[in-house]
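Notes for the one structure printed next.
The values are calculated or read from the model by the stated rules, or taken from the named source; none is laboratory data. Fair warning: this is a prediction, and the values are worked out from it, not measured in the lab. Cβ coordinates were reconstructed from backbone atoms using ideal geometry, including for glycine residues, and neighbour counts include every protein chain displayed. Areas reflect the complete protein model, heavy atoms only, side chains present, ligands, DNA and RNA absent. Shrake-Rupley method; radii C 1.70, N 1.55, O 1.52, S 1.80 Å.
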Amino acid sequence: MNHIILDLEMNTSPKESGAKNEIIEIGAVMLDDNYTEIGRFETYVCPEHGEITSIIHELTGITQKDVADAPKFKEAMEDFFKWTDVGECTFYSWSNCDKKQFEHESELKNYKDARMDKMLNNWVDIQVEYDKLVGTGHTVALGNALKSANIELIGKPHTAIGDAINTAELFKVIRDEKLVQERLGTLIEMFKHKELANSILDMFPEMAAYITEEEVTEE
């Protein structure tokens with residue numbers, strides 16, 4: 001069983017198109033059963049409704065020139081599924097946002113393929129897995145989760161391949177009991193005791209948004 005951790009970058013589409021967003025980049029990392037990296041996939045995707053907006057360019061660095069000659073959605077998915085055609089795979093992402101985008105865009109562009117259905121039926125939300133493991137009671141942003149596990153960022157944030165690589169590194173941690181204790185053990189213990197909430201804020205101020213005022217002040 002291989003594990004494919006992926007990430008998407010998306011462009012905001014014109015309202016009249018009926019497409020809220022379109023995929024403009026796919027990045028993925030493939031791990032084997034031992035969680036050893038065995039491959040990477042990266043492609044730009046040419047949007048069919050509108051050009052890259054200034055906001056998306058500033059966030060991702062992706063330009064209209066980058067995607068102009070890139071494959072469109074259907075062709076990009078064909079390339080992606082050829083890459084994944086190595087046996088049984090489970091697919092992962094940070095939150096279900098990317099899964100929902102695949103569902104939405106497949107329907108919008110009339111892309112019907114059994115491989116897409118199989119991928120969506122074998123999808124795991126790593127964010128949920130992390131939140132349950134640590135016991136935050138809240139969804140945590142990827143950047144904060146990486147910091148909590150002492151993972152140094154690889155590549156450029158807000159690029160599909162960069163986020164996929166970093167998510168894969170976090171995935172390796174939370175699937176390894178020894179690394180969980182080494183990297184997250186203290187944080188897990190703290191979240192078991194509400195009276196330690198202030199200590200959490202002192203050690204991880206970036207977590208402040210995920211602890212309510214009631215929890216902090218509770219006796």
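What are the residues in the range 132-142 that are in a helix (DSSP H, G or I) and open to solvent by less than 20 Å² (accessible area, probe 1.4 Å), if any?
Once the filter is applied, which keeps residues that are in a helix (DSSP H, G or I) and open to solvent by less than 20 Å² (accessible area, probe 1.4 Å), the range 132-142 yields only V134.
Of all residues in the range 143-157, count the ones that are crowded, with 16+ Cβ neighbours inside 10 Å and either of a type outside the set (S, T, N, Q) or under 20 Å from I38 (Cβ atoms) (or both).
Looking only at that region, the number is 5.
Out of all the residues in the range 103-123, which are without any contact (Cβ under 8 Å) to a residue 40 or more places away in the chain and open to solvent by less than 40 Å² (accessible area, probe 1.4 Å)? Even if it seems obvious, please write down each step before you answer.
So the first thing to find is which residues in the range 103-123 are without any contact (Cβ under 8 Å) to a residue 40 or more places away in the chain, and the list is 103, 106-107, 110-123.
Passing the criteria: S106, Y111, D113, M116, M119, L120, W123.
Got a sec? Which of D85, D69 is out of contact with any helix residue (DSSP H, G or I) (no Cβ under 9 Å at 6 or more places or on another chain), surrounded by fewer than 21 Cβ atoms within 10 Å (Cβ to Cβ) and of a type outside the set (V, I, T)?
Unique residue meeting the criteria: D69.
List, please: which pairs have Cβ atoms under 7 Å, are six or more places apart or on different chains, and start with a residue in the range 24-36 that is at positive phi and end with one that is assigned to a loop (DSSP other than H, G, I, E, B)?
Close Cβ pairs (under 7 Å, with a partner that is assigned to a loop (DSSP other than H, G, I, E, B)) amount to Y35/R175.
How many residues, within the range 14-64, are of a type in the set (S, T, N, Q) and in a strand (DSSP E or B)?
Residues flagged as of a type in the set (S, T, N, Q) and in a strand (DSSP E or B) within the range 14-64 amount to 2.
Look through I165, I188 and report the one residue that is in a helix (DSSP H, G or I), buried (at least 18 other Cβ atoms within 10 Å of the Cβ) and among the β-branched types (V, I, T).
None of the others qualify; the one that does is I165.
Any residue in the range 195-211 that is of a type in the set (V, I, T), open to solvent by less than 60 Å² (accessible area, probe 1.4 Å), in a helix (DSSP H, G or I) and modelled with pLDDT of 65 or more?
No, every residue in the range 195-211 fails to be of a type in the set (V, I, T), open to solvent by less than 60 Å² (accessible area, probe 1.4 Å), in a helix (DSSP H, G or I) and modelled with pLDDT of 65 or more.
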